[in-house]
Amino acid sequence: MSLTDVRSAVYGQYVPRGTVPTSDILRIETSPLPTEVTGTDVLVKMLAAPINPSDMNQLEGTYGTQPPLPAVAGNEGIGIAVTVGPESTIKQDSLVIANNQGLGTWRTALLAPSSALYPLFGGAVSPADVDIPQLSTMVVNPCTAYLMLKELAPLKKGDVVAFNAASSQVGLHLAQLARHWGFRTLAIVRDGPNYDYHLTKLTEAGATWVVKEGYTSASVRALGVPPVALALNAVGGPSSEAMAKLLAPGATMATYGGLGKAPVMVPTPKLLFHGVIVRGFWLTKWLLDHPARVPDVYEDVSGLIRSGVIRADIKEVPFRGGDGLMEAVKEAYTPTRPGKTVMMMQQ
Ligand SMILES: NC(=O)c1ccc[n+]([C@@H]2O[C@H](COP(=O)([O-])OP(=O)(O)OC[C@H]3O[C@@H](n4cnc5c(N)ncnc54)[C@H](OP(=O)(O)O)[C@@H]3O)[C@@H](O)[C@H]2O)c1
């Protein structure tokens, strides 16, 4: 598809909490392709953009960062720098990812300053030589899994990392990275029609043990799982309480998501007598707090994707100049759908 104009998914008001955006709230707008690219600006032809839970939260107005309305939806994505301004730090034809929250990636093309983009592989790789849908999701989920394993606890080979919502893409990447680095994993999945699918995926990803929500500490011990060194919670409520019971003395439980829409629960004795540490992790804040380390993380994570260590379970949906938007949204909002919806912006 050649670029003649820009088709963008725009919202001017929030979607009621927990509802699927309709085409009158999230609508396609057509605008002319920018003809002048000045200063550090870069004109990017978007290639792929995922639909993440955080994008859905932004559409509801409930996320930690909200763009002013009206806004183009989407925070993550990959594209190619087709025209660069005279002061751009990004070379023409570089493969770039969104480096900023709120860039508005659900559109066929965008104009952004060089600082809002990051050139992958030194700008020297052609889209034909890499897996574009995989790289389109590289920041939100792989970087979160990578940093939580690297930054939140001093893990040694053989240590056990437990995580709930293990059917999510973050869960899949936690299993893949933990295997790569020699940690053992206890992956906790809620029961449902796709349980067997998730069990197979997580086992292939290297999860050491996979259990269903509703387990007890005794049933986990009976599997031979030692006390947990790091627990990663994306659910809250009873799920976080059951996982906290598995923690070793002094171990950490970090909350990075609230899928269960319930407050985090931790048994009081774990805090009083076992000295466990309870904290949160938000990638957006980590990236803002550590600007000098971000390029190293992106290099490492994109390399891990390219070498196949990290592999997301992706469902590609063609954007069709905006005609495919509602199909992609419906797909992403289907509660038990497996995998991550990625919109292919030029198909
Ligand atoms: N803090 C951060 O910086 C950060 C960064 C990235 C992601 N996140 C968060 O991490 C979580 C996962 O994100 P993702 O993009 O990897 O998700 P995803 O791939 O879109 O999948 C979400 C998964 O969560 C499962 N799930 C939904 N509600 C659940 C519940 N109440 N209990 C257990 N499982 C549940 C669903 O499984 P079923 O098959 O059972 O429906 C689905 O597989 C989200 O909360 C997201 O906001 C946080």
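The values are calculated or read from the model by the stated rules, or taken from the named source; none is laboratory data. Please read all numbers here as calculations on a predicted model, not as lab measurements. Glycine also receives a Cβ, built like all others from the backbone with ideal geometry; neighbour counts cover every protein chain displayed.
Some points to look at:
- So S168, is it of a type in the set (G, A, S), surrounded by fewer than 23 Cβ atoms within 10 Å (Cβ to Cβ) and farther than 20 Å from K340 by Cα: no
- Selected residue (criterion: surrounded by the fewest Cβ atoms within 10 Å (Cβ to Cβ)) from residues of the range 174-208 that are among the acidic types (D, E) and out of contact with any strand residue (DSSP E or B) (no Cβ under 9 Å at 6 or more places or on another chain): D196
- Meets criteria (away from the ligand (no atom under 16 Å from the Cβ), modelled with pLDDT of 95 or more and of a type in the set (D, E, K, R)) for K156: yes
- Checking each residue in the range 277-334 for being assigned to a strand (DSSP E or B) and among the basic types (K, R) picks out R279, K315.
- Comparison of A207, A162 shows that the only residue that is in a strand (DSSP E or B) and within 16 Å of the ligand (Cβ to nearest atom) is A162.
- Considering residues of the range 330-347 that are buried (at least 18 other Cβ atoms within 10 Å of the Cβ) and closer than 18 Å to K201 by Cα only, the residue nearest to the ligand (Cβ to nearest atom): K340
- Qualifying residue in the range 173-183 (condition: farther than 17 Å from K45 by Cα and within 11 Å of the ligand (Cβ to nearest atom)): yes
- With respect to the conditions (1) in the same structural domain as E36 (by TED's automatic domain parsing); (2) surrounded by fewer than 24 Cβ atoms within 10 Å (Cβ to Cβ), D159 falls short on a single one, namely (1).
- On the stretch given as the range 242-256, residues that are within 13 Å of the ligand (Cβ to nearest atom) and either crowded, with 21+ Cβ neighbours inside 10 Å or not in a loop (DSSP other than H, G, I, E, B) (or both) total 4.
- Matching option when the condition is buried (at least 17 other Cβ atoms within 10 Å of the Cβ), over 30 Å from T200 (Cβ atoms) and not basic (K, R), among L288, L271, L325: L325
- Within the range 257-268, the set of residues being away from the ligand (no atom under 16 Å from the Cβ), surrounded by fewer than 16 Cβ atoms within 10 Å (Cβ to Cβ) and either small (G, A, S) or not in a helix (DSSP H, G or I) (or both) comprises P267 only.
- Filter result (among the aliphatic types (A, V, I, L, M) and more than 8 Å from the ligand (Cβ to nearest atom)) within the range 279-293: L287, L288, A292
- Those strands (runs of 3 or more DSSP E) lying entirely in the range 1-88 with at least 3 residues of a type outside the set (F, W, Y) and within 16 Å of the ligand (Cβ to nearest atom): 41-50
- The range 216-236 - residue that is crowded, with 17+ Cβ neighbours inside 10 Å and without any contact (Cβ under 8 Å) to a residue 60 or more places away in the chain and, of those, farthest from the ligand (Cβ to nearest atom): V220
- Residue match in the range 215-229 (condition: hydrophobic (A, V, I, L, M, F, W, C), within 18 Å of A165 (Cα to Cα) and either within 22 Å of the chain's Cα centre (by Cα) or modelled with pLDDT under 95 (or both)): no
- Some residue of the range 115-135 being part of a loop (DSSP other than H, G, I, E, B), crowded, with 21+ Cβ neighbours inside 10 Å and either at pLDDT 95 or above or not aliphatic (A, V, I, L, M) (or both): no
- Every listed requirement among (1) away from the ligand (no atom under 16 Å from the Cβ); (2) aliphatic (A, V, I, L, M); (3) touching a His at 6+ places or on another chain (Cβ under 6 Å) is met by I310 save one, (1).
- Within the range 76-114, if we keep just the residues that are over 20 Å from Q66 (Cα atoms) and charged (D, E, K, R), the residue that is surrounded by the fewest Cβ atoms within 10 Å (Cβ to Cβ) turns out to be E87.
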